[in-house]
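Right, one structure below, let's go through it.
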Amino acid sequence: MKRSRIALVAAAAATALLFAGCAGDAGSPGGDGAEPSVEATPTFDADTTMAKLADAGTITIGTKFDQPLFGLVGPDGTPEGFDVEIGKIIAGKLGIAPEDIKWVETVSANREPFIENGQVDIVVATYTINDKRKEVISFAGPYYMAGQSILVLADNDTIKSEQDLVGQKACSVTGSTPAENLATLGAEPVLTDTYTACLEPLRSGQVVAVSTDNVILAGLAAQNEGEFKIVGEPFTQEPYGIGLKKEDTDFRMWINDVLEESYADGTYEEAWNKTAGTVLPFVDPPAVDRYEN
């Protein structure tokens, strides 16, 4: 098969010093540390998505803009967080430097449409892999295993587990699996576009809780220290994956290769420690699922 060789000027990025699992400033999800390395001359089979992106020298990545620790817009207008770092690792293997990534805000309700319509090349946005979504898009990964949990006011001693949400109003996000889980549980979901928009209804008593993945809630609690607390144990498993166009198996398998390489060489752990690891302990990533369409 014809080969396409791409020579780009690499943005040098040395391996950053690993931080301790809970070190750093919890209010600064971007943390310190070098950017992921950028391949100088990656080579891909012609006509693959990898070759097209590398030739273009840019990639469009959908991510959250309001998720502390995972995807939060920083002071300079650029998103920061663990999902952002995963996106940079993938881009770097394509020979694309961080400054050449186009970041597009995606909320839970528009992730699949953005992928299907070609508005983004991939989505890395606390994106739970499930069979319903796999009917219209594909997933690489998972690269992290989260679990749905509950955020309440710091002085709330009545909500202790998901069973206490039955018949109660709890806030979540339109188009999310946590919202579906709340309805199945017997709670009364109050839906917004973003999880940060759930905080004011919680403060005012319009809802008794916010419920979504534990890592998202941990970021919100850290950003609003002393106001909220997480209660109970996670009551679901939420495998986070990287969304891409359905049937693009070569690209999906290549991203899986990149993820596995990042696990082995420490790049993944480094990305965690300088972002979500400022609040949450490091856990080994789950095995990627190389499923067949």
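The values are calculated or read from the model by the stated rules, or taken from the named source; none is laboratory data. This one's a predicted model, so the numbers in the text were calculated from it and none came from an experiment. Cβ: placed from backbone, ideal geometry, glycine included. Neighbour counts: every protein chain shown.
Out of all the residues in segment 262-282, which are in a helix (DSSP H, G or I), closer than 19 Å to residue 39 by Cβ, over 15 Å from the mean Cα position of the chain (by Cα) and in contact (Cβ under 8 Å) with a residue 60 or more places away in the chain? Matches in segment 262-282: 262, 267, 270. Across segment 222-234, the qualifying residues are those that are surrounded by fewer than 20 Cβ atoms within 10 Å (Cβ to Cβ), more than 17 Å from residue 80 (Cα to Cα) and hydrophobic (A, V, I, L, M, F, W, C), and the one among them that is farthest from the chain's Cα centre (by Cα) is 231. Remark: residue 159 falls outside the filter, which requires a residue to be outside any loop (DSSP other than H, G, I, E, B) and either surrounded by 16 or more Cβ atoms within 10 Å (Cβ to Cβ) or out of contact with any Phe, Trp or Tyr (no Cβ under 7 Å at 6 or more places or on another chain) (or both). Selection over segment 95-121 of residues that are at pLDDT 95 or above, out of contact with any Phe, Trp or Tyr (no Cβ under 8 Å at 6 or more places or on another chain) and among the aliphatic types (A, V, I, L, M) gives a count of 4. Inclusion of residue 257 among residues that are closer than 29 Å to residue 118 by Cα and in contact with a Gly (Cβ under 8 Å, 6 or more places away or on another chain) is not warranted. A count restricted to segment 84-109 and to residues that are crowded, with 20+ Cβ neighbours inside 10 Å and within 24 Å of residue 148 (Cα to Cα) stands at 7. Restricted to segment 118-132, and to residues there that are out of contact with any Ser or Thr (no Cβ under 7 Å at 6 or more places or on another chain) and of a type in the set (Val, Ile, Thr), the residue that is surrounded by the fewest Cβ atoms within 10 Å (Cβ to Cβ) is 129.
In segment 160-180 there is no residue that is in contact with a Lys or Arg (Cβ under 8 Å, 6 or more places away or on another chain), more than 21 Å from residue 279 (Cα to Cα), outside the structural domain of residue 113 (by TED's automatic domain parsing) and β-branched (Val, Ile, Thr).
Reported count of residues in segment 199-223, each being in contact with a strand residue (DSSP E or B) (Cβ under 8 Å, 6 or more places away or on another chain) and free of Cβ contacts under 8 Å to residues at least 40 places away in the same chain, is 4. Identify the single condition in (1) among the hydrophobic types (A, V, I, L, M, F, W, C); (2) in contact with a Phe, Trp or Tyr (Cβ under 6 Å, 6 or more places away or on another chain); (3) surrounded by fewer than 15 Cβ atoms within 10 Å (Cβ to Cβ) that residue 276 does not satisfy, given that it satisfies every other one. The number of the failed condition is (3).
I'd like to know if segment 84-93 contains one or more residues that are part of a loop (DSSP other than H, G, I, E, B) and either touching a residue at least 24 places away in the same chain (Cβ under 8 Å) or among the aromatic types (Phe, Trp, Tyr) (or both).
no
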